[in-house]
Every structure is written in structure tokens, then in C-alpha cells.
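Trainee: Take a look at the following structure, please.
The values are calculated or read from the model by the stated rules, or taken from the named source; none is laboratory data. Just so it is clear, the structure is predicted and the values come from calculations on it, not from any experiment. Here the Cβ positions follow ideal geometry from the backbone for every residue, glycine too, while neighbour counts run over all protein chains shown.
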Amino acid sequence: MLSYLIRRILLALFTCWAISVLAFVIIQLPPGDFVDAYISNLSASGSGISLDQAQQLRAEYALDEPIWVQYARWMRLILRGDLGMAMEWQRPVTEVIGDRLWLTMVVSIAAVVLTWLVALPIGIYSAVRPYSPLDYLFTLLGFLGLAVPSFLLGLLVLYFGFVYFNANIGGLFSPQYADAPWTGAKLLDLLRHLPVPAVILGIASMAQAIRIMRANLLDELRKPYVVTARAKGLSEWRAIWKYPVRVALNPFASTIGYTLPYVVSGSIIVSLVLGLPTVGPLLLRSLIAQDMFLAGAIVLLLGIMTVIGTLLSDLLLMWIDPRIRVDD
Amino acid sequence: MTRPETRQEVRLMRNAAARRVSRRGLMKGAAAVGLTLPAADVSFLGAGTVGAAQDAPLGSALIGELEGPIVLVDAPRPATLRQAPMLDALVADGALPPVEERVPLEPLVVQPLEGIGAYGGTLRRAFTGPGDDENGNRWVSGDKLVFWDYTGTEFRPALAKSWEFSDEDRVFTIHLREGHKWSDGAPFTADDFVFWYEDIYTNPDLVPTPQSSFAINGKQGRIEKVDETTVRFVFEDPYPLFLTILGGTTFMGSGHMTNRGFHGGAYAPAHYLKQFHPKYTAQADVDTLATEANVEDWIALFRLKNQWSLNPDLPILGPWRSVEPVNTPNWVLERNPFYYEVDPEGNQLPYIDRIQMGLAENLEVLNLRAIAGEYDLQERHTDIAKLPVFLENQEQGDYSVRLDPGAYGSDATLQVNHSYDADPEVAKWLQNADFRRALSMGIDRDQLNETFWLGVGSPGSVAPDPSVPQSPGEEWRTKWSTLDVEQANRLLDEIGLTEKDDEGYRQRGDGGGRLRLEIFAISGAFVPFPRIAQSIAQQWQEIGIQLDVAELERNLGMTRMRNNEHQLFMWANDGSELIYAFPRHALPVDPAEAMMGPLIARWYVTGGEEGAAPKEEAMLEAMDLYTSAGNQNAEESNTTAQEIWKIIVDNVFSIGTVGVSPAVMGIRIVKNTMGNIPARQVNMQHARTPQSSHPATFFFRTGG
């Protein structure tokens, strides 16, 4: 068991290193660099800088050095626990991400919790009463939820919210609270804005979770041990909850591998459409701006989260389902 | 409300509805379209348009009369001065000196547009991130040395209360205002210019290369202090154009707050910046500060500290200063208690306490928020394609829409690469004036205007609006720039492009099949370049020219353009209305962005050592005229500019389509609570719009 853990952790470290190289190379692939992107941005807004000024900037950001030297600089910083300065924001990467990280986590966790709170009971109900009218209804809704792209749903909700409810457009705060220090009123304001993104983000995965739960539980319920339990007079409630549900939960434990990176990045497209101040839009923006340090840090963070998440879900699976054992 | 106005409004709204809104039939209020006009909107229809022809385009009904505040030159300081209530407590506490000591002895007196305003309030706007610092820069450009009147055509005093040339235009002297103070209360004097010149501009670590805007005939100027309030700019050769250069958005002239970390502006707060400069502070101490600020070295530290948008501690001279920096989700500005402008009754400006700019994650959300009335004043990033929706929701959102047409000729210019060399056959034709004239006459600009500008633009060449002093005149807007398929075909036949294939497209002269041109069109700009280019490609079928549209991501397109890979490049020719301050979109003279020929621009700045000389005599002539203007005063140089424009237009160096429109930063959403807002303002880079309307005089009628 211990040697398995050590092996997994070593492998995880190697994977993280590989991710860092890949991230760096991919971000550098498009033509031009941060300064080119900066100049293009200025041109688009009707101003510009001279070539000399561009060269000055390039030297300051060390963009005029070969790519492996740049990578080495970046790695040296990271090993010191410093993610560098976000070029576009002129602030340390940790601060830029930190601003948004916890809001992202609030939104994502709300979405995940909502998904599970709604999907699990419905999935269980659908499995226990298959082909009942309610099961059909949930199935229909579930497929709708799967089929409708969440960004479209976001746009519709924004539009109708504005036209019929005069709601604020997007974001997580009303304008008067956006800049205010944290107070109870601001917290309430956040809670008022939270349901819309949480529901939109949750709906697609909700539908998926219902389907998975229903299918797995159906399989379990047909197994002889359930029949035996019922035959021995175990109450229906206990006969379902004691083992079948627990076994049917396995796939959810294994999704933690990608739930964890999702919690820190949020959905990029939906966040963009809804104007949420989360990490997702920041990643897109940094990629467009070719802001190496910021984009690299976020991609690396997501990679590490995936690696940790996978490790955790493997361990969790072993704990939930004692039948899974490591072959030494 | 008189009948014509009502009729006009009915037609206008019907047009708008037919164009766009019907597709969005869900829009609330669509039923009300065309019924009534909110009283507040009457003002901007403008008296001049009431009797306008019934079939005038949408734009003529929406574009109001140009108006703005008046700078009362040489007006004395009003006898009593007043200040914003938010400062009363600070003065009472002794944290601030009284207003009499904060305002210079000779302030800039401005007559607001409508009248004296009320103090207070927070103005809400949107910005799109740190790269959008111009969003704030333009609002605080009251710190330029010389500025313009509200028409953007005549000089007006700003920081410099007066100026004169002497020694045959070799010496330019400016006079500062006595008692003028930085936003922290320290005196603003000639020493701030000397510090800038000796310790910033001539320090190669901070400014690695001398700037062309501070040089005539390649010889650098210098700055001398005469006394506390008198500064001289001294040049080796006569440089009368220097006044125009200071008026433009140039390295020397943009002011201190618009320096963007490149240290332009001709002055800097010496008393504050010395602590970050190794000449005045021990290198070890500066290095420590750099480490604390998490930057590489003192140069990066100095760049960080000398940017008002990033460093709230930086003393400034504009009407507002940053309290929350631009690299946060909310860029917040607060009044500068030492600002040097007052109204005629002695109220120190600005009226508005704070400006709060919220970060918009994407432009759709920004536009939707503007429609919902969540911004008090927004003219940046508002989309012309949404104009009908903006108009429709005016009442519900409690705002009005005002259009500010730009002064430059073309929002979607087909910039011709005169140094293209990858395909000699295509290059040969691109360098043929008759070929370009034919291309230009093959474009149906009215159709483009209706489709993409909703009829509010002006079809024409690349020449600027006739109202601009450098304009060669109305007739040059249309020269070679009206649809004439017959003449275009004749010209193409005459230059030898007679062979056509069975689809009617003209063949290359070298037997290489069909003559195909390619245009780079970047997506995501203020106007939809790729779709406009597609329309032109369709129109050119009539003249037998095949145009391929390459839709490119902005950075990719720009990089390939700088590598001389493009044949045609679609871009606005913004800034060209003041050609000497921002020539890059009119002539290939600036290698930083030379869509008209990257190699020619290289050739021009290196004095012929690198790059490639222009092939056409006329191009050389235009570039010579441009160079010669440095030795001319503002008036003479304007005449020269007209000559340059005549050459550009006559030879169709680039092909204009539709311009003089509000498409770029000219769709202004104004909350009805705001006062002293012009019905129409100029929309020009050098006039730093909206600074030409003196935002310091804007106010909230309700007190915010």
C-alpha cells in the first residue's frame, strides 16, 4: 500500500513536470509574443508604440531570449514558489489569480453541490421506479439538459432576466457592491447572484449524473444479493441504501479527478457569457495576450489539480468499494 | 414637438426596426417603436436636421450639433473660489490647504456648456482590462501642455498658459501657471521639466532611443529652465511644427499621465520620482524597493511608479487620480484636489467626485449593460451594430444615444502594401495607380454604408472630413471613390488586363491563370472587417477581379503584416486627420505599423540604408512633402498636408470605403441625469475625446 502511494506520487511529480513543458511550448506556439499582442491591442484602440519602445518592453520581459532560457527562468521562479509577474496585469500572478480563485471556487462548488443534491435523489428514484411517468419526465428533462449548450442557456437567462425582471446583467455583484468592502449586505448580494450561474453550470452535469446514477443503480438492483436481502425481509429502504446505492456511487468518486480542476477554473465559456469574474475568462484572456506567466501558471495549476484529483479519486474508490484492491 | 421631428423619428425608428430589430422580435418595447420620442432626445436631433430631406440617411437625424465648453483664455482668477463638499472636512482637519492655496493664481477658466454644475457623484463606466488604459487616459488628458478647443482645430492653453516661438522658430518657450501644484500639493515648476530632460529622457536606461517627435532634421532638441514658471525647448534647426506635435498624442505632447510607462510627456514629478532614481537615491536602496515591488530592477520599478493607472501614489496634474489601479476589477478615480481648472464662478473643477470603471469580461455583456442603463457615460466599446437596440431602450434605460462621427476618412480602409514582393505579378499591379483606381471605383460604398454602418457613415476616399484644416476639400472625398463599374472595367482593359476566364475573371499577365488578390481582414474589431471584405469581393466580380478574404486573428494578422506578407490589409485610417501626429495610416513612414509598406517605412526611417524605396514617383513626392513639413508652422503645414492628401487620393495609395462615422468610440450612451454633455463632440485622437469636452465640467443634475 505504502509503496503504491510512493510510486503514484513520484509518477504525479513527473506528470506535473511534463505538463509544465507542454504548457510552455503550446503557449509559445502561436506567432509573436506578448509584446506583439500588446501592440496589436493598442492599434485596435487607436494608439500605438514605436518599435524602439516595443524592443524596450521585450528586453524587460526577457522575450528576446531563446525559448529554453525563458523556460529555465520560469522553472527557477516556480521552484522558488514564485509564479512571476502577469505581464498584462503588472501584478504578481498569485495576486491576479488569487483575486478570482475563491469566487471561482464558490461558484463551482455551488454548481457541483447543486448537481449532486438534485441528480442523486432523482437518479435513485428513476432507478427504483423505472419506466414510471415521473421517470419518463426526468429522462426527457435530462436529455434536454444534456442537449442544450450551457452558453446558450446563459445568454437566454441573461436576456429574459433583463427584459422581464430588470435583473443585473451578468457578474456576481450589483454595481454598487462590486467595489464595496465585504459586508453582510455584499454577501447577501453575492448569494442573490449565485443561483443563476450555479444552475446554468449545473444543468448539463446534472443530466449526466442522473443518467449515470439511474443506469448503475438499475444494474445493482437486479443482482442476486438485493433479491436475497429483500427475501430475508429487509425493508425496501435499507435494501436499496445499504449496498446498491453505495456501489452505484463508484463512478462519481472517479469523477473527482476532473471535478477538482473544474472547481478552480470554472467553465470558461459560461463564465465569459455571464461575465463572471472567475479564473476561466482570465485563462482565455492571458492566452490571447500571450501572457506566458499567467497562462502558464493557470494551465500548470489545472494540470496539478487533475493529477491530485486522480490520485484522490483512486484512494477514495478503494475506501468506498473494499472490493477494489491494489495488485502488488 | 413639431411634426417634422415626429415624422423623422417615425421613419428613423421604422428604418432601424426593419434593419435589425425585426430579427430580434422578442425585444421588449418593440411594439412601441415609432410612436413617441422622449422629450430628452429632442435636443440631440439638432435644429439643423429638422427640415432635412425625408430620405436622408439614419445618421443625419441622429447626429447633433457640434458643441462644447469654452476655454476663457486670459480670464482672471474669480474673486471667490469654492470647492467640492467632499473636501470640506479635509480642509477643516488641516489635511488639505484651503482652496485659495490649491488653485493656481492663474487657473484655466472654463465656461461649461450649459452652465454651472453641481458637485458630487460617482460616474459609472466600463473598461476591458489593463490594456484599456486609454479609457482613463483620455479622461485625464487635462495634463497636456497645450490642447485644443472643442472643435479640435484651434490651439488652447492647458498646463502652459501661453507660449511663443523665437530665434527663427528654433526656441519654443512655454509659460506655466504661478502657484500650480501637483496632486500631492508640491509645486509644479520648471524643475519638473529639467528633471524629466536630464534624468529621464537622456537616461538611456529609461529612454533607450531618442524620440523623433523631439527632433528636427534628425537633431535632438533640449530643455532649459529660464525661471520657475518659464521653460524653453531649444532646437538646432527651426521646428515650427513642434506646436502641432505637442498638440498631438505624441511622445512629447501626450502629457504625463498618458506616458504608459515609456516616460513621455516632457515633465515628471521630480520630488516624488527621485526616490526611485539611482542618481538621487543609493542604488542599494532603489534595488531594495524594486525587490519589494516584485520587479526585476530599478528600470522596471521606475516604469511601474511613473504610471498613474498602476500607481495611485504618483502625483499627477489631471482632474482625477487613480485610487484603485487599472489592474484590478474596478479601476476607480477620485478628484485631484489641486486641479487647475475652475468655472467662471470660481468653482474648482471637476464637479464629479469619482469615476468607477468596472471590468467587463466580454463586450457583449458590456453592451447589454449599457442598454440596461447601468453606465452613466460610455462611448468606448459600444457597438454600432447595436445602434437600433440602443435607440429602442433609451426610455427604459433612462439614457440617450449621441453619435460622434470621427474625422478620418475610412473606418475600413483597404491598405495597399506598396512593398509587397512575394508575387511579382501581383506586386506589379498593386503598384499601378490605374489598377488601384479601378479597384476603388468597383466598390459600392453606399451599399456598405447601409449594411454595416446603418447609413450613419460617409462613403468616400481616405481623405479626412472637410471640416478638418488638413482636408484637401469636399471633392477629394469622392475622387476615384464612387461606384463606376464601366470606367473601372475600361481602366483595367487599358492597362492590359484584358484576358478573362469563362467565369469572367481577369487573368494574370504572366500566364499564371486567374489574377487573385488577397486581403487580410481581422475579426473582432470595431467594425466587422471580414464581412465587409466579403461584400467587396462580391462587388469586384463586376470588374472581373477575384478577391480572397483571409480572416485572421488579430495578433496573427498583425504579425504577418509586419513581415510584409500581405497584399491588402483592412484597417481604419484613424488618427490621419492630424497627419503629422499620427502618420502611420496615411503614409508608410512608421515601421511600428506600416500596412502601406513595411519595407518602405524601414527605408524611410533608416535614411535609405535598409528596407526598400517606394517604386512610384508620387509616393516619394508625398513622403518628401511630409518630411518638409517639420520646418513649417501650423498653418503652412496644414497646406502641405492638403497637398499630401491630394497625392494620396489621386493615386489611390489606399482605398477608402466608409468613414467619418461614429463606429469607433462614437456611439455615446449618456444617462439622462448628466449635465453639460455636448449633443455632439469631435471624435479625434489628438483631441483626446472626450477631453475636448472637458469631462471636468460634466456633472449629475441630481447630485449623483
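Residue by residue, here is whether (1) surrounded by fewer than 19 Cβ atoms within 10 Å (Cβ to Cβ); (2) modelled with pLDDT of 85 or more; (3) of a type in the set (Asp, Glu) holds:
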site: A:THR228; (1), (2), (3): yes, yes, no
site: A:GLY266; (1), (2), (3): no, no, no
site: A:SER271; (1), (2), (3): no, yes, no
site: A:LEU284; (1), (2), (3): yes, yes, no
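Trainee: Of the conditions (1) over 25 Å from B:SER309 (Cβ atoms); (2) assigned to a loop (DSSP other than H, G, I, E, B); (3) out of contact with any Phe, Trp or Tyr (no Cβ under 9 Å at 6 or more places or on another chain), B:VAL109 clears all except one; give me its number.
Mentor: Only one criterion in (1) over 25 Å from B:SER309 (Cβ atoms); (2) assigned to a loop (DSSP other than H, G, I, E, B); (3) out of contact with any Phe, Trp or Tyr (no Cβ under 9 Å at 6 or more places or on another chain) is unmet by B:VAL109, namely (2).
Trainee: Under 9 Å between Cβ atoms, at least 6 apart or on separate chains: pull out the pairs that start in the stretch B:188-210 with a residue that is away from chain A (no Cβ under 12 Å) and end on any residue that is among the hydrophobic types (A, V, I, L, M, F, W, C) and surrounded by fewer than 18 Cβ atoms within 10 Å (Cβ to Cβ).
Mentor: Within 9 Å, the pairs are B:ALA190/B:VAL226.
Trainee: Test A:VAL273 against the stated conditions and say whether it is touching a residue at least 12 places away in the same chain (Cβ under 8 Å), among the hydrophobic types (A, V, I, L, M, F, W, C) and at the interface with chain B (Cβ under 9 Å from one of its Cβ atoms). So that I can check it myself, show each step before the final result.
Mentor: Numbers: touching a residue at least 12 places away in the same chain (Cβ under 8 Å): yes; among the hydrophobic types (A, V, I, L, M, F, W, C): yes; at the interface with chain B (Cβ under 9 Å from one of its Cβ atoms): yes.
So A:VAL273 passes the test.
Trainee: What about A:GLY202, is it within 14 Å of chain B (Cβ to nearest Cβ), in a helix (DSSP H, G or I), buried (at least 18 other Cβ atoms within 10 Å of the Cβ) and touching a residue at least 24 places away in the same chain (Cβ under 8 Å)?
Mentor: Spelling it out, it is not the case that A:GLY202 is within 14 Å of chain B (Cβ to nearest Cβ), in a helix (DSSP H, G or I), buried (at least 18 other Cβ atoms within 10 Å of the Cβ) and touching a residue at least 24 places away in the same chain (Cβ under 8 Å).
Trainee: Taking the condition over 23 Å from the mean Cα position of the chain (by Cα) and in a helix (DSSP H, G or I), does A:LEU137 pass?
Mentor: yes
Trainee: Restrict the check to the stretch B:510-527 and report whether at least one residue is away from chain A (no Cβ under 14 Å), under 34 Å from the mean Cα position of the chain (by Cα), surrounded by fewer than 23 Cβ atoms within 10 Å (Cβ to Cβ) and acidic (Asp, Glu).
Mentor: Within the stretch B:510-527 (the criterion being away from chain A (no Cβ under 14 Å), under 34 Å from the mean Cα position of the chain (by Cα), surrounded by fewer than 23 Cβ atoms within 10 Å (Cβ to Cβ) and acidic (Asp, Glu)), the answer is yes, since at least one residue qualifies.
Trainee: Can A:ALA127 be described as in contact with a Lys or Arg (Cβ under 7 Å, 6 or more places away or on another chain), more than 12 Å from chain B (Cβ to nearest Cβ) and buried (at least 16 other Cβ atoms within 10 Å of the Cβ)?
Mentor: When the stated conditions are applied, A:ALA127 passes them.
Trainee: Of everything in the stretch B:679-704 that's among the aromatic types (Phe, Trp, Tyr) and part of a strand (DSSP E or B), which residue is surrounded by the fewest Cβ atoms within 10 Å (Cβ to Cβ)? Before you say what the answer is, go through the steps one by one.
Mentor: So the first thing to find is which residues in the stretch B:679-704 are among the aromatic types (Phe, Trp, Tyr), and the list is B:698-700.
Those left that are additionally part of a strand (DSSP E or B): B:699-700.
On the way: B:PHE699: 28, B:PHE700: 21.
Looking at the filtered set, the residue picked out is B:PHE700.
Trainee: I'd like the full set of residues that are part of a loop (DSSP other than H, G, I, E, B) and among the small types (Gly, Ala, Ser), limited to the stretch B:615-666.
Mentor: B:GLY656, B:SER661, B:ALA663, B:GLY666
Trainee: Let me ask you something else. Which residue is nearest to B:ALA118 (Cα to Cα), if the candidates are limited to the stretch B:57-99 and must be acidic (Asp, Glu) and within 33 Å of the chain's Cα centre (by Cα)?
Mentor: Residue satisfying both the conditions and the ranking: B:GLU67.
Trainee: When the stretch B:667-678 is examined, which residues are found to be within 14 Å of chain A (Cβ to nearest Cβ) and surrounded by fewer than 24 Cβ atoms within 10 Å (Cβ to Cβ)?
Mentor: Within the stretch B:667-678, B:LYS671 is the sole residue that qualifies.
Trainee: Could you go through the stretch A:89-107 and let me know if any residue there is in a strand (DSSP E or B) and within 14 Å of chain B (Cβ to nearest Cβ).
Mentor: Within the stretch A:89-107 (the criterion being in a strand (DSSP E or B) and within 14 Å of chain B (Cβ to nearest Cβ)), the answer is yes, since at least one residue qualifies.
Trainee: Consider B:GLY611 against the criteria (1) more than 25 Å from B:ASP434 (Cβ to Cβ); (2) within 24 Å of the chain's Cα centre (by Cα); (3) in a loop (DSSP other than H, G, I, E, B): it satisfies all of them except one. Which criterion is unmet?
Mentor: Failing condition for B:GLY611: (2).
Trainee: Of B:SER693, B:SER654, B:SER637, which residue is more than 14 Å from chain A (Cβ to nearest Cβ), hydroxyl-bearing (Ser, Thr, Tyr) and closer than 20 Å to B:TRP453 by Cβ?
Mentor: Only one candidate passes the filter, namely B:SER654.
Trainee: Looking at (1) more than 12 Å from chain A (Cβ to nearest Cβ); (2) under 29 Å from the mean Cα position of the chain (by Cα); (3) closer than 30 Å to A:LEU29 by Cβ; (4) not charged (D, E, K, R), which one does B:ILE600 not meet, given that it meets all the others?
Mentor: (3)
Trainee: Another question, then. Give the stretch A:50-65 a look and list any residue that's assigned to a loop (DSSP other than H, G, I, E, B) and more than 7 Å from every other protein chain (Cβ to nearest Cβ), or say none.
Mentor: Across the stretch A:50-65, the qualifying residues are A:TYR61, A:ALA62, A:LEU63, A:ASP64, A:GLU65.
Trainee: Scan the stretch B:287-320 for residues that are among the basic types (Lys, Arg) and either within 10 Å of chain A (Cβ to nearest Cβ) or touching a Lys or Arg at 6+ places or on another chain (Cβ under 8 Å) (or both) and jot them down.
Mentor: Taking the stretch B:287-320 as the starting set, the residues that turn out to be among the basic types (Lys, Arg) are B:303, B:305.
Result: B:ARG303, single match.
Trainee: Still on this structure, I have one more. What residue, of B:GLU551, B:GLU565, is out of contact with any Leu (no Cβ under 7 Å at 6 or more places or on another chain), surrounded by fewer than 23 Cβ atoms within 10 Å (Cβ to Cβ), more than 14 Å from chain A (Cβ to nearest Cβ) and not hydrophobic (A, V, I, L, M, F, W, C)?
Mentor: B:GLU551
Trainee: Counting only residues that are in contact with a strand residue (DSSP E or B) (Cβ under 6 Å, 6 or more places away or on another chain) and touching a residue at least 40 places away in the same chain (Cβ under 8 Å), which one in the stretch B:323-334 is farthest from the other protein chains (Cβ to nearest Cβ)?
Mentor: Filtering first and then ranking leaves B:LEU333.
Trainee: So which of B:LEU366, B:LEU391 is within 14 Å of chain A (Cβ to nearest Cβ) and under 30 Å from B:THR122 (Cα atoms)?
Mentor: B:LEU366
Trainee: Please determine, by comparing only the residues of the stretch B:381-406 that are of a type in the set (S, T, N, Q) and farther than 30 Å from B:VAL468 by Cβ, which one is surrounded by the most Cβ atoms within 10 Å (Cβ to Cβ).
Mentor: B:ASN393
Trainee: Further question: For A:GLY171, are the conditions met, namely being in contact with a Pro (Cβ under 9 Å, 6 or more places away or on another chain) and in contact (Cβ under 8 Å) with a residue 40 or more places away in the chain?
Mentor: Numbers: in contact with a Pro (Cβ under 9 Å, 6 or more places away or on another chain): yes; in contact (Cβ under 8 Å) with a residue 40 or more places away in the chain: yes.
Considered against the rule, which asks whether it is in contact with a Pro (Cβ under 9 Å, 6 or more places away or on another chain) and in contact (Cβ under 8 Å) with a residue 40 or more places away in the chain, A:GLY171 comes out as yes.
Trainee: Filter the stretch A:150-166 down to the residues that are modelled with pLDDT under 75 and either touching a strand residue (DSSP E or B) at 6+ places or on another chain (Cβ under 9 Å) or more than 9 Å from every other protein chain (Cβ to nearest Cβ) (or both) and list them by number.
Mentor: Within the stretch A:150-166, A:PHE165 is the sole residue that qualifies.
Trainee: In addition: On the given criteria, is A:ILE122 more than 13 Å from chain B (Cβ to nearest Cβ), closer than 24 Å to A:ILE200 by Cβ, of a type outside the set (Ser, Thr, Tyr) and surrounded by 16 or more Cβ atoms within 10 Å (Cβ to Cβ)?
Mentor: For A:ILE122, the condition - more than 13 Å from chain B (Cβ to nearest Cβ), closer than 24 Å to A:ILE200 by Cβ, of a type outside the set (Ser, Thr, Tyr) and surrounded by 16 or more Cβ atoms within 10 Å (Cβ to Cβ) - is met.
Trainee: Something else about it: What residue, of A:PRO244, A:PRO197, is within 14 Å of chain B (Cβ to nearest Cβ), buried (at least 17 other Cβ atoms within 10 Å of the Cβ) and at pLDDT 85 or above?
Mentor: A:PRO197
Trainee: Just to be sure I understand, how many residues within the stretch A:292-328 are among the charged types (D, E, K, R) and within 21 Å of the chain's Cα centre (by Cα)?
Mentor: So the answer is 1.
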